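A.B. asks: The structure under discussion is supplied below as structure tokens; questions concerning it will follow.
The values are calculated or read from the model by the stated rules, or taken from the named source; none is laboratory data. What you see is a predicted model; the values in this text were computed from it and never measured. Here the Cβ is made from the backbone with ideal geometry for all residues, glycine too, and neighbour counts use every protein chain on show. Ligands, DNA and RNA are stripped out before the accessible areas are found, and what is left, the full protein with its side chains, is counted by its heavy atoms. Shrake-Rupley method; radii C 1.70, N 1.55, O 1.52, S 1.80 Å.
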Amino acid sequence: QVQLMESGGGLVQAGGSLRLSCAASGSIGSIHVMDWYRQAPGKQRELVATITSGGSTHYADSVKGRFTISRDNAKNTVYLQMNSLKPEDTAVYYCRARNSWDNYWGQGTQVTVSS
């Protein structure tokens, strides 16, 4: 089992920045991919960014050049640095961990960007 705890959400003005954190615990040695997803009201959950155990990253087109995913293996934590935030980035942001047999989700953290 893997447990995930997100933090760092909040209210920010357009153009501002936030850094989300996702702390993992449990069977973390089995994790090979970590993702950030988001879900806005009335919309489907969408993939925002991915980082593999080897450090490869992938971003949704809508956040490329503005968001950066990174990991601190010593702290068992994955981060999502969000810059130049837009009102359309408003959503609940979720962390997901993947291993060879399962997916694990955090409880989510709200990000609200005001115009």
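A.B. asks: Considering only region 66-90, state which residues are over 18 Å from Thr112 (Cα atoms), exposed (fewer than 14 other Cβ atoms within 10 Å of the Cβ) and polar (S, T, N, Q).
C.D. replies: Asn73
A.B. asks: Now, a different point. For the list (1) modelled with pLDDT under 95; (2) under 22 Å from Trp101 (Cβ atoms); (3) among the basic types (Lys, Arg), I need the number of the one condition that Lys75 fails.
C.D. replies: (2)
A.B. asks: Okay, next question. Being of a type in the set (Lys, Arg) and open to solvent by 40 Å² or more (accessible area, probe 1.4 Å) is the filter here; which residues of region 1-59 pass it?
C.D. replies: Arg19, Lys43, Arg45 - these are the residues of region 1-59 that are of a type in the set (Lys, Arg) and open to solvent by 40 Å² or more (accessible area, probe 1.4 Å).
A.B. asks: Let me ask you something else. Determine whether Val63 is touching a Phe, Trp or Tyr at 6+ places or on another chain (Cβ under 7 Å), modelled with pLDDT of 95 or more, crowded, with 20+ Cβ neighbours inside 10 Å and among the aliphatic types (A, V, I, L, M).
C.D. replies: Spelling it out, it is not the case that Val63 is touching a Phe, Trp or Tyr at 6+ places or on another chain (Cβ under 7 Å), modelled with pLDDT of 95 or more, crowded, with 20+ Cβ neighbours inside 10 Å and among the aliphatic types (A, V, I, L, M).
A.B. asks: Enumerate the pairs (first residue in region 6-31 and more than 17 Å from Leu80 (Cβ to Cβ); second residue anywhere and surrounded by fewer than 13 Cβ atoms within 10 Å (Cβ to Cβ) and at pLDDT 95 or above) with beta-carbon separation below 9 Å, excluding pairs fewer than 6 apart on the same chain, so at least 6 apart or on different chains.
C.D. replies: Gln13/Ser114; Ala14/Pro87; Ala14/Ser114
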